[in-house]
Amino acid sequence: MQQLARAVALAFNQLPRPHRVMLGSLTVATLAVAVWRPYVYHPSDDPTPIVKHVELEKNELRTLIPEASEPLDQATPDDDIPQDEIDKDVPDETGTHDYVVSSGDTLSSVLNQYGIDMGEIAQLVKADKELRNLAIGQQLSWTLTDDGQLNRLTWEINRRETRTYDRTGNGFKMSSEMQKGEWVNKAMSGTVSGSFAASAQSAGLTSGETSAVIKAMQWQMDFRKLRKGDKFAVLMSREMLDGKREQSQLLGVRVRSSGKDYYAFRSEDGKFYDRNASGLARGFMRFPTVKQFRVSSNYNPRRVNPVTGRIAPHKGVDFAMPLGTPVLAVGDGEVVIAKRSGAAGNYVAIRHGRQYTTRYMHLKKLLVTPGQKVKRGDRIALSGNTGRSTGPHLHYEIWVNNQAVNPLTAKLPRSEGLTGKDRRDYLAQVREIQPQLTF
């Protein structure tokens with residue numbers, strides 16, 4: 001019987017893939033019916049039934065199961081990304097996302113990568129047709145409900161006007177707020193003693209302004225490693241209305257650590273560059289492997305579990321690939337988790353700057369340890385089939401501001417700089433701001 005089973009498994013492997021998938025699915029369904037059918041007692045003269053057992057090798061049994069398919073539930077790791085002291089001192093961004101409009105962006109391209117469907121985007125445009133005309137440098141902010149639906153969108157058109165769109169029944173209601181205060185530039189400086197967040201607030205920065213400084217400098221330094229005596233200088237543009245601060249915008253920042261100066265200046269496109277107009281962001285690779293593999297399960301934040309009927313979001317993308325395929329870090333960063341973690345199996349999480357985190361699951365072997373620094377393209381693991389998995393594959397996620405995004409469509413950081421007139425205008429602005437960043 002065992003030889004017969006092995007012969008069947010060998011013949012199964014030689015079939016074309018579509019036939020294997022179909023036959024495997026029918027086999028699994030048949031076995032499920034056989035195992036789960038209710039027990040019915042039948043009296044018999046012979047009280048001892050004859051039971052025959054067929055033993056298969058683990059790899060032979062797997063040939064009767066379809067290749068890596070969409071999991072019944074999201075393989076959520078048992079532990080969260082560890083926080084540091086800066087996470088505790090700056091505002092919690094969980095559930096809220098901010099986005100600065102770049103060249104080529106549309107409302108659809110921005111929101112769709114976060115799993116917001118086209119129906120909701122159409123409802124927004126119905127509430128305000130001007131949303132079709134986003135401009136470079138404008139800022140969008142939004143919050144989602146627990147089931148991934150859009151709850152509120154805020155569109156900062158300029159420093160004077162902000163529009164808010166709140167969900168009401170089957171649509172959205174738009175409200176507009178016009179600011180009439182006076183914008184005043186204010187330079188602040190301080191010396192690090194304790195955490196940077198506490199030192200910045202002692203120098204006069206709000207928690208929101210401190211968070212803006214950390215984001216602007218996130219690609220150049222790790223604020224947790226600043227030493228006592230390091231210095232910083234910040235230029236904020238604040239709107240004052242009836243003597244009260246309404247809102248603010250970071251224009252430039254300078255940090256001196258271990259005798260070296262680091263700079264970041266805001267451009268008209270809403271992004272930050274160094275003194276030479278070079279991009280500060282570290283570029284990301286689109287895929288965590290040398291070549292692109294077949295997608296066996298797509299990102300779907302509203303996926304419904306076919307068994308339970310509950311929403312069980314698939315927060316990443318599954319790539320079907322052979323066991324032992326090298327898995328690469330998509331960008332420079334620090335390994336914050338490298339361990340076995342329940343349904344996720346062997347699992348690696350890498351923090352890139354302050355806003356980006358990538359996760360890699362179901363790995364066969366880990367090649368990195370927590371706290372290790374990695375560069376874009378470094379090998380961090382070998383792909384596998386550990387944890388809750390129906391076949392060899394890699395589950396890959398990208399998180400921005402603690403929110404999962406679609407790895408296949410997300411707009412990733414690029415280290416491009418300014419050119420032409422944009423660069424000339426920016427450098428003129430730098431020459432005006434830099435002398436104000438004194439300690």
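What follows is calculated from the coordinates using simple rules that are stated; it is not laboratory data. Model, not experiment: these values are computed from the prediction. Every residue, glycine as well, gets a Cβ built from its backbone with ideal geometry; the counts of neighbours run over all protein chains shown.
Observations, loosely collected:
- Contact order, relative form, for segment 101-178: 24 percent (alpha carbon pairs under 8 Å, 6 or more residues apart, mean separation divided by residue count).
- Percent of Cα-Cα distances greater than 21 Å, calculated over segment 101-178: 19
- Other-chain or far-sequence residues with amide H under 5 Å of S257's (modelled H): Y262
- For segment 196-276: rounded, prolate or oblate by the Cα gyration tensor [a/c cutoff 1.5]: oblate
- Pairs of C-alpha atoms in segment 259-302 farther apart than 14 Å represent 68 percent of all such pairs.
- Mean projection of the Cα convex hull over all viewing directions, computed for segment 236-278: 4.1 nm².
- The packing ranking, built from the mean of other Cβ atoms within 10 Å per residue, places the peptides 325-331, 96-102, 340-346 in the order 325-331, 340-346, 96-102, highest first.
- Debye, to nearest 20: dipole size of segment 127-182, +1 on Lys, Arg Cβ, -1 on Asp, Glu Cβ: 180
- The local environment of G171, defined by Cβ-Cβ distances under 14 Å, has a net charge of +2 under the rule Lys, Arg +1 and Asp, Glu -1.
- Overall form of segment 321-372 per C-alpha gyration tensor (a/c, 1.5; a/b vs b/c): prolate
- Sparsely packed trypsin sites (Lys or Arg not before Pro) within segment 368-439, loop by DSSP, other Cβ within 10 Å at most 13: K375, R414
- Segment 264-351 shape via C-alpha gyration tensor axes, a/c threshold 1.5: prolate
- Distance between the C-alpha centres of segment 106-127 and segment 224-287: 31 Å, rounded to the whole angstrom.
- P(r) tail fraction, segment 301-417 - alpha-carbon pairs more than 25 Å apart, %: 21
- Net charge of neighbours whose Cβ lies under 11 Å from the Cβ of S108, counting Lys and Arg as +1 and Asp and Glu as -1: -2
- Other residues within the sphere of radius under 12 Å centred on the Cβ of A329, judged by their own Cβ, net out at +4 (K and R +1, D and E -1).
- Each part reduced to its alpha carbon centroid, segment 164-195 and segment 327-386 end up 35 Å apart.
- Peptides 244-253, 287-296 ordered by packing proxy, namely the average of other Cβ atoms within 10 Å per residue, highest first: 244-253, 287-296.
- Each of D425 and D147 was given a label point 7 Å from its Cα along the Cα-to-Cβ line. The distance between the two points is 4.5 nm.
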